[in-house]
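What follows draws every value from the coordinates through simple rules; no lab data is involved. Since we're looking at a predicted model, the values are computed, not measured. Virtual Cβ from ideal backbone geometry, glycine too; neighbours counted across all protein chains shown.
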Amino acid sequence: MHQSSKSIYQKFRRVDLLDKKKTVTALKPGEDRAIFLGLGMILSSVMMYFVLGVTMLRSYADSVWTEEGVCVILNSTVTADMNCSYNCGSECWRDSKYPCLQVYVSVNNTGRVSRLSHNEETQDTSSECFYVPRCQKDSVAMHVMIMNISQRLKVNQKVTCYYDPSEQQENVILTRLYDQTVVFHSLLWPSSMLIGGALVIVMVKLTQYLSRLCEEIGKIKR
């Protein structure tokens, strides 16, 4: 009778161990996939940080027009035609012209007169003209675009502008390519992905730790 009971217990024991092995075997590939997912998310976020760092963040950090002010438009005049080149095919470039719009403003009612540019990119392309349109064959279309901009910039009109507080750059700009809000929203997605990937790995490791802890407790109870 004792031998029969022992045999039945051993059979149940084997079945129990087999079920546990199946569970561990099923969980391990799932845990591995979760860890790979977490590592992939972290790697992707690092690559996104790198791309943002060499493009947006670099431009944001290099910009000297950091102080916001109020500019009063003093004069808005089309002075002369500027030459530009547009792409007409493979290794083909042709010349065109656009009118140069010069805008002068008074910064913060201090009496300081500065030339106004649209943004940092326009300032780097042409420090003389307020706006540089994308060069195209139809010079009339570019002329109409510049004239429309000129009509919107009326004399004595107050606009928000940005200037260099150190006054090393005399010109001021109307808008910044990348302000703090744009930078924040651009960094939000890779930061969320980085945190999410780290949380996935932490959760998997925590699950593995709790599983081992339960096994140790089970061995002690036996």
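Values for this structure:
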| quantity | calculated |
| --- | --- |
| Cα-Cα separations in region 62-213 greater than 23 Å, expressed as whole percent | 54 |
| Helix 2-52 axis, angle to the chain major axis (alpha carbon atoms, nearest 10°) | 10 |
| In degrees, nearest ten, helix 180-221 long axis to first principal axis of the chain (Cα) | 10 |
| Amide H contacts under 5 Å for S117, placed H, 5+ residues apart | V172, I173, L174 |
| For region 175-195 and region 52-95, distance of Cα centres in Å | 22 |
| Residue exposure sequence - E120, E215 - by fewest surrounding Cβ within 10 Å | E215, E120 |
| Filtered GluC sites (Glu not before Pro), region 24-111: DSSP coil and at most 15 other beta carbons within 10 Å | E91 |
| Amide H within-cut-off set for N108, under 5 Å, with H built and near neighbours excluded | V70, C71, V72 |
| Where no second cysteine Cβ lies under 4.7 Å, the cysteines concerned in the chain | C214 |
| Lysine pairs in the chain with Cα atoms under 18 Å, if 8 or more residues apart or on separate chains | 9 |
| Note, ³J(HN,Hα) from phi for region 144-149, Karplus 6.51, -1.76, 1.60, rounded to Hz, x at Gly and Pro | 4, 4, 5, 5, 5, 5 |
| Positive minus negative residues near S114 (Lys, Arg vs Asp, Glu; Cβ under 11 Å) | -1 |
| Largest to smallest principal axis extent of the C-alpha atoms in region 33-75, angstrom | 64, 16, 15 |
